[in-house]
1. Given Cβ point charges of +1 (Lys, Arg) and -1 (Asp, Glu) and nothing else, what value in debye, to the nearest 20, does the dipole of the range 24-125 about its Cα centre take?
2. Give a residue-ordered list of calculated ³J(HN,Hα) values for the range 132-138 (Karplus: 6.51 cos²θ - 1.76 cosθ + 1.60, θ = phi - 60°; whole Hz; x for Gly, Pro).
3. How much length is gained if the chain between Leu60 and Ala89 is pulled fully straight, taking 0.36 nm per residue apart and subtracting their Cα-Cα distance, in nm to one decimal?
4. Lys and Arg at +1, Asp and Glu at -1: add these up for the other residues within a Cβ distance under 12 Å of Leu66 and post the number.
5. Positive end of the dipole of the range 1-148, charges at C-beta (+1 Lys, Arg; -1 Asp, Glu), about the Cα centre: which of Pro92, Thr106, Gly75 has its Cα farthest in that direction?
6. Assuming 0.36 nm per residue, please report the length gained on full extension of the stretch Val171 to Asp25 beyond their Cα-Cα distance.
Amino acid sequence: MISLIAYDVQVLEYDIRPAGPDDLDRARAVMLDTVYRDFGTGYVPRWHGDIIDLRDAYVLPPRHTLLVAVDRRDGAVVATGALDSRGPAHPPNPRALAERYPSGRTAQLRRVYVRPEHRRRGLARRLVEALLDFAAADGGYRSVYLHTDPAVPGAEDFWRSQGDVVCDERVETGERVVHFEIPLPARPAPGTAIGTAIGTATSAVG
């Protein structure tokens, strides 16, 4: 049985839920492992500063959220997904993107990472669905944006399955970045199961 209580979405043997205080260190470990292993860059402060301060970046701001996927068998955090209200800044992003996706009206998806041994189980897809529901429930977002490094195995194909490419910098600027827009779902109606669950989680985080 799938439970939507407190915005939990059960995916097989996993729960997806807003990160609590006890989850932050484990979520940070997933993110740091990803930037070292998959990106090959290691920690770069100007790119990854939000990872160090997850609480201020995603937990405290009322229009932001940090979700974790927890393995019910051992309680381990095995995947993350975040959303904030910042659009792509120029520079380093192309000016046209900054104008198209202004901060405050743009929900930016961030840090959708899954540990390798837990991939291909639908976790990234369900994390994105939950983040999109959060963005829709906010009521103030007009678009959903993200960028990805296409050199990360599976990243480009996954995001192409979720939305549309709006800028491929490999072609336009020579940089290894692809920018996407993801369709924003309709706002959940008050009183529905998902609408009530999202509202409860939003109030708890805020």
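Where a number appears in this text, it was derived from the coordinates with a stated rule and is not lab data. Quick caveat, the model's predicted, so the values are computed rather than measured. For neighbour counting, all protein chains shown are included, and Cβ atoms are generated from backbone atoms with ideal geometry for every residue, glycine included.
1. It works out to roughly 360 debye.
2. Ordered by residue, 3J(HN,Hα) equals 5, 5, 4, 4, 5, 5, 4 Hz.
3. Residue separation times 0.36 nm, minus the Cα-Cα distance, leaves 8.3 nm.
4. After counting each charged neighbour, the total is +1.
5. Pro92
6. Separation in residues times 0.36 nm, less the Cα-Cα distance, equals 48.8 nm.
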